[in-house]
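None of the figures in this text is laboratory data; all of them are computed from the coordinates on show. Because the structure is a prediction, the values reported are computed rather than measured.
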Amino acid sequence: MKRITYLSAIVIVTIIVTVSSCSSKRQPGKVYMPDMAYSRAYETYAEHDSAKFTTDIADAGHKIYYNSQPVNGTVKRGELFPYTVPNDSNGLLNLSNLVKNPLPPLSKADSAEAGRLFNINCAVCHGAKGEANGPVAAKIGGVKSIIALSPTYSDGRIFHVMEYGQNNMGSYASQLDRKQRWMIVQYIRTLEPKKEATATAAKPDSAIVKK
Ligand code: HEC
């Protein structure tokens, strides 16, 4: 009997606590674990109270340091490795050539997608066939024929141009993700003139050598 009285007392107390804590949604009562109740807004586009947050690493000691950027050296899940070649002449002319295209040969569907991306992002200047005759080429000025240059360029060098831009051409790093840019490199290869042409052109030379 005593046990039943205890149990019913516990049940009644629990009901009172539960009901009273839910009585007003607008006034949730005392918050005893603020970190759990209110998350610190680390979301990219959230506003940050400058009294509490700083984007200057030198202030990190007495304010919360947060610059909305991924931590250096981290790679997003499913993302290809970052391109770390620097934007200078050594990077362009030497280091970029050492970077291999990380993608396997494109499937038919991916190749069509790469062509679509090329036509949206590159063809306005470079033309659908990469011959520097896109509709705005004349306005931009200095647009070069991709297919005249690309046969002598490594995949890495073409990627490098998209990563950083060059002279009148802007960077495409924010419009196209890394995978899309490597796909475009492969698509450019399909636009290049076929190799047989150079093979036949070489014949007369060998004939001369024989003489
Ligand atoms: C707004 C016009 C414009 C667009 C769009 C554009 N380019 Fe260019 N591109 C240029 C110009 C101008 C140059 C010549 C740059 C220079 O003087 O070195 C160039 C040069 C290049 C070169 C040769 C670089 C060299 O070493 O001379 C490549 C490769 C290239 N572009 C690829 C691309 C690809 C791929 C895209 C699409 C992602 C693209 N471009 C989009 C204007 C453009």
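At-a-glance table
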{"item": "From phi via Karplus (6.51, -1.76, 1.60), per-residue ³J(HN,Hα) for region 131-148 in Hz, x at Gly/Pro", "result": "9, 6, 10, x, x, 10, 3, 5, 5, 6, x, x, 5, 9, 6, 5, 6, 6"}
{"item": "Amide H partners (placed H, <5 Å) of PHE53, local residues excluded", "result": "ILE64"}
{"item": "Of LYS108/LYS195; LYS129/LYS195; LYS100/LYS144; LYS139/LYS179; LYS76/LYS194; LYS108/LYS129, those spanning more than 26 Å from alpha-carbon to alpha-carbon", "result": "LYS139/LYS179; LYS76/LYS194"}
{"item": "Cα shape, region 89-191, gyration tensor, a/c 1.5 rule", "result": "oblate"}
